[in-house]
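Visitor: Sending over a structure as structure tokens; questions will come in a sec.
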Amino acid sequence: MKGLFLDATPSLTEVFRQVVDPADPAMDVNEREDIAQSELPALLDGYNFMFDDHTTLTAEALAQCKTLKHVIFLGTGARSYMNPEALAELGIAVHIIKGYGDTAVAEHAIALMWAATRGVALMDGGMRHGNWLRHDGLQLTGKTIGLIGYGGIAAEVARIAHGSGMRVIAWNRTPKMAPNVEFLPLEEVLAQSQVLSLHLLLNDETRGFLTADRIAQMRPGAILVNTARGAVVDEAAMIAALKSGHLRHAALDVFDIEPLPHPHPLQALDNVTLTAHSAFRTPEANQTLIRRALDIAKNLEAG
């Protein structure tokens with residue numbers, strides 16, 4: 001088997017070189033971040049598997065890649081970049097990697113929560129323009145954080161939030177139990193949470209999950225944190241709630257369209273904190289991610 005790292009960023013290239021082992025399948029690294037669909041057949045010619053970090057893969061383009069049998073997506077959100085069922089019909093299996101960055105993403109979600117409650121981005125931006133802009137923050141000790149979806153990342157958020165003196169409540173699509181977490185019906189989590197943090201995988205059931213009606217059920221003045229996927233939220237409804245004040249703040253690492261186009265309505269709002277889909281990007285998480293991807297390739301080669 002021979003593989004191609006299709007769209008390696010400089011940082012991921014360096015991590016790849018650190019963790020690759022002589023016993024791993026042969027791989028070439030294509031250190032390009034922007035790849036057109038029309039380039040895919042030529043780039044992937046002769047390769048049996050590929051690593052995909054952020055490139056959209058259409059069935060139309062991959063249908064021309066006759067040797068390709070496996071896509072190893074570097075993360076969990078493959079559906080944001082491809083249709084796994086359509087690729088399966090072409091004989092191309094899509095593999096995802098779970099759990100590699102649970103702590104990294106959780107820490108970022110907590111960082112966004114604190115930044116939102118204390119107006120860090122607003123004050124920083126003001127001071128860079130010569131304004132002494134003070135902001136009344138929200139003290140989080142004793143407040144309630146609600147988690148929508150409860151997997152590895154949410155469990156880490158719960159651990160950190162509980163250690164910070166917050167009450168932790170959660171809703172999950174299947175029953176769960178966890179220490180220091182109270183699982184409640186969805187409508188109660190929406191109504192009680194002063195901070196609502198989203199941790200849902202994106203699929204057909206969760207696309208648009210946080211609808212206008214569900215946003216209306218949220219506690220007035222709540223803070224919304226999203227490090228999951230932009231498409232789990234009705235973006236227009238969220239923006240309307242931010243403008244009306246029903247939502248105090250939204251702290252977002254993910255968006256419907258990425259990179260976030262400029263100009264964009266979110267960029268014009270003071271009660272929004274934005275980061276560039278970077279919650280999972282730490283050296284520790286990247287090393288785990290690439291090593292697990294290589295292990296998948298090794299297992300595929302071994303049959």
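The values are calculated or read from the model by the stated rules, or taken from the named source; none is laboratory data. Please read these numbers as outputs of a predicted model, since none were measured by experiment. Cβ coordinates were reconstructed from backbone atoms using ideal geometry, including for glycine residues, and neighbour counts include every protein chain displayed.
Visitor: Quick one: in region 240-273, which of the residues that are free of Cβ contacts under 8 Å to residues at least 24 places away in the same chain and not in a loop (DSSP other than H, G, I, E, B) is nearest to Leu201 (Cα to Cα)?
Guide: So, considering only residues that are free of Cβ contacts under 8 Å to residues at least 24 places away in the same chain and not in a loop (DSSP other than H, G, I, E, B), the one nearest to Leu201 (Cα to Cα) is Gln267.
Visitor: Next question. Here are some residues: Leu247, Leu252. Which one is within 15 Å of the chain's Cα centre (by Cα), more than 19 Å from Phe73 (Cα to Cα) and surrounded by 21 or more Cβ atoms within 10 Å (Cβ to Cβ)?
Guide: Only one candidate qualifies: Leu252.
Visitor: Report those strands (runs of 3 or more DSSP E) wholly inside region 121-203 carrying at least 1 residues which are more than 23 Å from Ala231 (Cα to Cα) and touching a strand residue (DSSP E or B) at 6+ places or on another chain (Cβ under 9 Å).
Guide: 144-148, 167-171
Visitor: Considering only region 155-165, I want to know if a residue exists there that is surrounded by 15 or more Cβ atoms within 10 Å (Cβ to Cβ), in contact (Cβ under 8 Å) with a residue 40 or more places away in the chain and of a type in the set (Val, Ile, Thr).
Guide: yes
Visitor: Take the residues in region 217-229 that are touching a strand residue (DSSP E or B) at 6+ places or on another chain (Cβ under 9 Å) and surrounded by fewer than 21 Cβ atoms within 10 Å (Cβ to Cβ), then tell me which one is nearest to Trp114 (Cα to Cα).
Guide: Applying the filter and picking the extreme gives Gly221.
Visitor: Please find, among Val120, Val94, the residue that is touching a residue at least 12 places away in the same chain (Cβ under 8 Å), among the β-branched types (Val, Ile, Thr) and surrounded by fewer than 19 Cβ atoms within 10 Å (Cβ to Cβ).
Guide: The match here is Val120.
Visitor: Looking for whichever is within 14 Å of Lys2 (Cα to Cα) and within 26 Å of the chain's Cα centre (by Cα) here; the options are Asn48, Asn30. Which one fits?
Guide: None of the other options fit; the residue is Asn30.
Visitor: Within region 70-83, track down each residue that is surrounded by fewer than 20 Cβ atoms within 10 Å (Cβ to Cβ) and without any contact (Cβ under 8 Å) to a residue 40 or more places away in the chain.
Guide: Tyr81, Asn83
Visitor: Hydrophobic (A, V, I, L, M, F, W, C), surrounded by 21 or more Cβ atoms within 10 Å (Cβ to Cβ) and touching a His at 6+ places or on another chain (Cβ under 8 Å): which single residue out of Ile148, Ile110 fits that description?
Guide: Ile148
Visitor: Separate question: Which condition from (1) over 15 Å from the mean Cα position of the chain (by Cα); (2) without any contact (Cβ under 8 Å) to a residue 60 or more places away in the chain is the one that Gly152 breaks?
Guide: The one condition Gly152 does not meet is (1).
Visitor: Still on this structure, please answer the following. Among residues belonging to region 62-103 that are under 15 Å from the mean Cα position of the chain (by Cα) and not in a loop (DSSP other than H, G, I, E, B), point out the one that is nearest to Gly230 (Cα to Cα).
Guide: Result: Ser80.
Visitor: Does Ala302 satisfy the criteria of being crowded, with 16+ Cβ neighbours inside 10 Å and under 27 Å from Ile72 (Cα atoms)?
Guide: No.
Visitor: Let me ask something else about it. If you scan region 40-61, which residues turn out to be among the aromatic types (Phe, Trp, Tyr) and assigned to a loop (DSSP other than H, G, I, E, B)?
Guide: Correct list: Tyr47 only.
Visitor: Say whether the condition of being at pLDDT 95 or above, under 24 Å from Gln139 (Cβ atoms) and of a type outside the set (Phe, Trp, Tyr) is met by at least one residue in region 284-297.
Guide: no
Visitor: Oh, and also: With respect to Lys143, is the statement that it is out of contact with any Ser or Thr (no Cβ under 6 Å at 6 or more places or on another chain), basic (Lys, Arg), in the same structural domain as Ala231 (by TED's automatic domain parsing) and surrounded by fewer than 17 Cβ atoms within 10 Å (Cβ to Cβ) true?
Guide: no
Visitor: If you don't mind, there's one more thing I want to ask. Does Arg219 qualify as being in contact (Cβ under 8 Å) with a residue 40 or more places away in the chain and either charged (D, E, K, R) or under 23 Å from Ser11 (Cβ atoms) (or both)?
Guide: When the stated conditions are applied, Arg219 does not pass them.
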